[in-house]
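**Q** Input: one structure, supplied below.
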Amino acid sequence: MSMIAGFIATLLYLGASVMLALRLRRKVAHEPQPPARWPVLTGWALAVLLHGATIYGDAFSPSGIDMGFFNALSLSAWLIALLLWTASLRHPLELLGIILLPFAALALALELSLGGTGTATALPAGLQIHILTSLLAYSLLAIAAIQAILLAIQNKHLHNHHPRGFIRALPPLAMMESLLFQIIGLGFVFLSASLASGFLFLEDLFAQQVAHKTVLSIAAWLLFGTLLFGRWRFGWRGRIAIRWTLGGFGALVLAYFGSKLVLELVLGR
């Protein structure tokens with residue numbers, strides 16, 4: 001049953017991405033009535049529900065939680081899809097789904113084909129809080145990173161005075177920057193909670209197998225914290241904001257998945 005739900009969710013993710021791409025195409029072509037949002041958001045919501053059911057069946061059991069590489073990747077992709085769908089109900093962010101929904105489909109397909117090879121482990125409540133806040137921080141800041149890339153493209157075209165194609169379908173630059181910092185601010189809160197819960201509930205955050213993850217997570221926290229301070233104190237925006245955002249997210253990718261990839265898939269630990 002889990003396999004069927006996951007397969008349907010994968011198709012729904014891809015279908016929603018295609019519909020978003022068609023909607024963007026019609027906007028760029030200035031067609032009078034672009035397709036309504038509700039069919040896309042409905043299919044997207046069904047994909048998230050089925051993906052969640054698949055993850056729950058594969059990663060959670062009475063004996064504990066299986067956070068192997070592919071299950072963790074799929075869970076992060078699910079959170080990204082869920083958070084982006086929720087944000088899109090209030091803000092014009094659904095176009096990010098053109099990029100992020102195929103990633104969710106790929107992560108789910110990898111879970112279905114290669115997941116379930118880890119060992120379920122019973123975790124105390126404090127450690128579960130640490131894992132949840134870490135994944136929420138990563139998911140929100142992943143959305144921010146894609147937003148920053150779009151902002152960089154939009155900024156370049158506007159400075160060259162040749163906005164065309166999908167750039168004209170994006171919200172105004174000021175709104176894009178405002179949304180970027182709102183997402184980063186929320187992600188920073190969860191990243192702070194993740195680090196605080198790690199120091200509270202983990203015995204040794206600088207043990208050999210997790211020291212690099214801790215150092216990279218702290219580096220990401222410092223980068224995002226400096227960016228938010230610079231925005232508040234000096235009005236940082238544009239290229240500075242983009243570079244700091246991508247730098248912070250790069251550190252998080254290495255911390256959350258780079259180490260897990262090396263330990264599990266390369267070293268087989």
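**Q** Taking Gly198 and the conditions (1) buried (at least 17 other Cβ atoms within 10 Å of the Cβ); (2) modelled with pLDDT of 95 or more; (3) over 25 Å from Trp85 (Cα atoms), which numbered condition does it fall short on, given that it satisfies the others?
**A** Answer for Gly198: the failing condition is (2).
**Q** Next up: Considering only residues that are of a type in the set (Gly, Ala, Ser) and assigned to a helix (DSSP H, G or I), look in region 227-250 and name the one that is modelled with the lowest pLDDT.
**A** Per the criteria, the residue is Gly238.
**Q** Output the number of residues of region 153-178 satisfying the condition of being at pLDDT 75 or above and surrounded by 12 or more Cβ atoms within 10 Å (Cβ to Cβ). Break it down stepwise before answering.
**A** Filtering region 153-178 down to residues at pLDDT 75 or above leaves 153-157, 170-178.
Right, trim to surrounded by 12 or more Cβ atoms within 10 Å (Cβ to Cβ) and you get 153-157, 170-171, 173, 175-178.
Of the residues in region 153-178, 12 are at pLDDT 75 or above and surrounded by 12 or more Cβ atoms within 10 Å (Cβ to Cβ).
**Q** For region 73-86, indicate whether the set of residues that are open to solvent by 10 Å² or more (accessible area, probe 1.4 Å) and assigned to a loop (DSSP other than H, G, I, E, B) is non-empty. Outline the logic, then answer.
**A** Step one: of region 73-86, the residues open to solvent by 10 Å² or more (accessible area, probe 1.4 Å) are 73, 75, 78-79, 82-83, 85-86.
If we keep only those that are assigned to a loop (DSSP other than H, G, I, E, B) too, we end up with none.
Taking every residue of region 73-86 in turn, none turns out to be open to solvent by 10 Å² or more (accessible area, probe 1.4 Å) and assigned to a loop (DSSP other than H, G, I, E, B).
Quick grid of which residues meet (1) within 18 Å of the chain's Cα centre (by Cα); (2) hydrophobic (A, V, I, L, M, F, W, C):
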{"residue": "Ala53", "(1), (2)": "no, yes"}
{"residue": "Gly64", "(1), (2)": "no, no"}
{"residue": "Asn71", "(1), (2)": "yes, no"}
{"residue": "Ser74", "(1), (2)": "yes, no"}
{"residue": "Ala77", "(1), (2)": "yes, yes"}
{"residue": "Ser88", "(1), (2)": "yes, no"}
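**Q** Look at Ser113 and say whether it is under 20 Å from Ile8 (Cα atoms), open to solvent by less than 50 Å² (accessible area, probe 1.4 Å), part of a helix (DSSP H, G or I) and at pLDDT below 95.
**A** No, not satisfied.
**Q** Against the condition open to solvent by less than 20 Å² (accessible area, probe 1.4 Å) and more than 12 Å from the chain's Cα centre (by Cα), how does Leu108 come out, does it pass?
**A** On the way: open to solvent by less than 20 Å² (accessible area, probe 1.4 Å): yes; more than 12 Å from the chain's Cα centre (by Cα): yes.
So Leu108 fits the description; yes.
**Q** When region 54-64 is examined, which residues are found to be at pLDDT below 85 and open to solvent by less than 30 Å² (accessible area, probe 1.4 Å)?
**A** Once the filter is applied, which keeps residues that are at pLDDT below 85 and open to solvent by less than 30 Å² (accessible area, probe 1.4 Å), region 54-64 yields Ala59, Gly64.
**Q** Answer yes or no as to whether Gly68 is closer than 23 Å to Leu127 by Cα and either crowded, with 17+ Cβ neighbours inside 10 Å or among the hydrophobic types (A, V, I, L, M, F, W, C) (or both).
**A** Yes: the conditions hold for Gly68.
**Q** Follow-up. Being assigned to a helix (DSSP H, G or I) and crowded, with 23+ Cβ neighbours inside 10 Å: is that true of Ile131 here?
**A** Details: assigned to a helix (DSSP H, G or I): yes; crowded, with 23+ Cβ neighbours inside 10 Å: no.
So Ile131 fails the test.
**Q** If you don't mind, there's one more thing I want to ask. Of the residues Ala9, Ala45, only one is open to solvent by less than 30 Å² (accessible area, probe 1.4 Å), over 23 Å from Ala144 (Cα atoms) and not aromatic (Phe, Trp, Tyr); which? Write out each step before concluding.
**A** Numbers: Ala45 fails: over 23 Å from Ala144 (Cα atoms).
Unique residue meeting the criteria: Ala9.
**Q** Further question on the same structure: Which one of these does His51 not meet: (1) farther than 13 Å from Thr10 by Cα; (2) open to solvent by less than 20 Å² (accessible area, probe 1.4 Å)?
**A** Of the numbered conditions (1) farther than 13 Å from Thr10 by Cα; (2) open to solvent by less than 20 Å² (accessible area, probe 1.4 Å), the odd one out for His51 is (1).
**Q** Can I ask one more? Out of curiosity, is Pro35 part of a loop (DSSP other than H, G, I, E, B), open to solvent by less than 50 Å² (accessible area, probe 1.4 Å), on the phi < 0 side of the Ramachandran plot and at pLDDT below 95?
**A** yes
The values are calculated or read from the model by the stated rules, or taken from the named source; none is laboratory data. Since we're looking at a predicted model, the values are computed, not measured. Positions of Cβ are generated from backbone atoms using ideal geometry, with glycine treated the same way; all protein chains shown enter the neighbour counts. For the accessible areas, the whole protein counts, side chains as well, though only heavy atoms, and no ligand, DNA or RNA atoms are used. Shrake-Rupley method; radii C 1.70, N 1.55, O 1.52, S 1.80 Å.
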